[in-house]
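Beneath this line is the structure, given in structure tokens, with notes to follow.
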Amino acid sequence: MRVLGVDPGLTRCGVGVVEGVAGRPLTMLGVGVVRTPADADLGHRLVAVEQGLEQWLDEHRPEFVAVERVFSQHNVRTVMGTAQASAVAILCASRRGIPVALHTPSEVKAAVTGSGRADKDQVGAMVTRLLRLDAPPRPADAADALALAICHIWRAPAQNRLQQAVAAHAARTPPTTPRAPSAHHASKGRTA
């Protein structure tokens, strides 16, 4: 399985490609950051993010794209930029028919480090170890993108089995329809 992880951001959008399967050593195929100037017009920044992501999709041809799910922060302006970059990543993948998975930061941290409260240094250290790298990828956005890809590779088989089980159960279980009250209950309280 080849996954492009995207840590969305307008100034720095982390990207990382990991290949492998759960339970086996993983391989990093590429890591980097798509950058846009903070003083540029929003529209131009979004186009730059799109162009950068399209280059990564062209070069690495991932089977899946894993994007960090945007969560509420105190700085609304930062959240808006992150959400906009996230939407661009989802759009680029969907346009090509590539399935997109969203993972929360705590899911990614828990998958990679064992703790949903791990800090950036712990995530970077585990990414370095898991991918057998010489040093943690910099900036942290790049390491986070790799962590997203690792998380998806490890979680996807279980998620797929769960979805298949739910679909199989739904196919076996006939839909329930409300029963009409029986004649005995309908006539209760009436006298002839």
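The values are calculated or read from the model by the stated rules, or taken from the named source; none is laboratory data. Because the structure is a prediction, the values reported are computed rather than measured. Glycine gets a Cβ as well: all are built from the backbone with ideal geometry, and neighbour counts include every protein chain shown. Calculation scope for accessible area: heavy atoms of the full protein, side chains included, ligands and nucleic acids excluded. Shrake-Rupley method; radii C 1.70, N 1.55, O 1.52, S 1.80 Å.
Mind checking which pairs have a first residue in the stretch 137-159 that is under 16 Å from PRO105 (Cβ atoms) and touching a residue at least 12 places away in the same chain (Cβ under 8 Å) and a second that is outside any helix (DSSP H, G or I) and acidic (Asp, Glu), Cβ under 8 Å, 6 or more apart or different chains? Listed by first residue and then by second, the contacts come to ASP141/ASP7; ALA142/ASP7; ASP144/ASP7; ASP144/GLU68; ALA145/ASP7; LEU148/ASP7; LEU148/GLU68.
A quick yes/no check of all residues on (1) modelled with pLDDT of 95 or more; (2) within 19 Å of VAL18 (Cβ to Cβ):
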| position | (1), (2) |
| --- | --- |
| ASN75 | no, no |
| THR78 | no, no |
| ARG96 | yes, yes |
| LEU102 | yes, yes |
| GLN122 | yes, yes |
| THR128 | yes, yes |
| ALA143 | yes, yes |
| LEU148 | yes, yes |
| PRO157 | no, yes |
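Taking the criterion of being free of Cβ contacts under 8 Å to residues at least 24 places away in the same chain, in contact with a helix residue (DSSP H, G or I) (Cβ under 8 Å, 6 or more places away or on another chain) and either of a type in the set (A, V, I, L, M, F, W, C) or closer than 20 Å to ALA143 by Cα (or both), would at least one residue in the stretch 28-41 satisfy it? Yes, some residue in the stretch 28-41 is free of Cβ contacts under 8 Å to residues at least 24 places away in the same chain, in contact with a helix residue (DSSP H, G or I) (Cβ under 8 Å, 6 or more places away or on another chain) and either of a type in the set (A, V, I, L, M, F, W, C) or closer than 20 Å to ALA143 by Cα (or both). When the stretch 91-121 is examined, which residues are found to be under 25 Å from LEU131 (Cβ atoms), outside any loop (DSSP other than H, G, I, E, B) and open to solvent by 40 Å² or more (accessible area, probe 1.4 Å)? Within the stretch 91-121, VAL100, LEU102, SER106, GLU107, LYS109, ALA110, THR113, LYS120, ASP121 meet the criteria.
Checking the stated criteria, ALA180 turns out not to satisfy the condition of being modelled with pLDDT under 70 and within 22 Å of the chain's Cα centre (by Cα).
Would you mind stating whether VAL49 is within 16 Å of VAL15 (Cβ to Cβ), open to solvent by 30 Å² or more (accessible area, probe 1.4 Å) and modelled with pLDDT of 95 or more? Step through it out loud before you land on a result.
Details: within 16 Å of VAL15 (Cβ to Cβ): yes; open to solvent by 30 Å² or more (accessible area, probe 1.4 Å): no; modelled with pLDDT of 95 or more: yes.
Considered against the rule, which asks whether it is within 16 Å of VAL15 (Cβ to Cβ), open to solvent by 30 Å² or more (accessible area, probe 1.4 Å) and modelled with pLDDT of 95 or more, VAL49 comes out as no.
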